[in-house]
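Quick notes on the structure that follows.
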Amino acid sequence: MKLSVIVTSEHKSEWVNNTLWALARQTFTDFEVLLVSAEDKTDPQIVESLLQNPIGNLAVRHINLSDQSNQSRPALPVLLDQMENDYIVFLHSNNIPRWDFLASHVKRARAGKCLAGRYYALPHLVSQAITVEDIQWGRCFDFLWLRQNGLSPTANRSRLSTGRLAARMLDGLMPSKYKPGHYHLSGWKSDLNAAIEHNSDSDLTAEDIGNPHHHLARCGLALARLERAAVCLQLND
């Protein structure tokens with residue numbers, strides 16, 4: 001099973017580096033990365049530097065959505081057509097997925113169903129404190145380390161420290177209804193395309209690239225929650 005990981009870079013350009021380092025540390029390694037720029041929100045020099053100086057063995061490609069503006073088809077299905085692999089994972093450029101993130105998505109992948117989970121949102125102070133070394137050594141996923149660097153003592157600790165069996169059980173108990181918010185998401189390309197074609201009259205905007213669960217909810221695609229078993233931090237300004 002091979003993955004295509006879409007990273008939308010609508011946030012701070014320098015944070016893309018953190019996301020790529022986190023992907024380079026994944027225990028599951030059979031994947032490509034597609035860095036998607038939305039209009040002028042990404043510094044082209046930073047993107048060029050990332051492409052010329054690859055991190056580890058990451059295979060990274062870049063697509064600028066503004067270059068797709070003359071397409072007669074909406075951006076999301078056009079983007080899916082360019083994926084080399086059959087299973088797709090969506091992330092944002094302000095995300096730091098834990099080392100077992102992709103492995104968890106692969107383990108739970110099912111035909112006809114998408115996997116989705118909320119990010120573990122970090123405040124500005126903690127977001128600024130995280131370095132590449134913290135990602136490489138996994139310190140940024142340790143609740144005590146996060147507390148020492150400004151995380152509130154009332155923050156939800158269980159989402160970071162739940163064991164594998166308990167995480168799977170708790171994810172299974174969570175409601176599968178789509179709700180507003182930002183999620184990491186994965187699904188089979190054939191299922192994503194089928195859902196989009198089934199509801200071809202709906203309007204796909206650029207936001208559907210970064211938050212595809214909003215559009216897929218309108219398309220009626222089934223969802224399973226994958227939150228505690230696939231931890232993913234979200235950096236914030």
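Read-outs: derived from the displayed coordinates by stated rules, not from any lab. The structure displayed is predicted, hence computed values, not measured ones. Ideal geometry is used to build each Cβ from the backbone, glycine not excepted, and the neighbour counts take in all protein chains shown.
Okay, here's what the table says:
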quantity: Inter-label distance, nm, simple model (7 Å from Cα along the C-beta direction), Q148/T27; calculated: 2.4 nm
quantity: For I96, I196, I63, order by how many other beta-carbon atoms lie within 10 Å, fewest first; calculated: I63, I196, I96
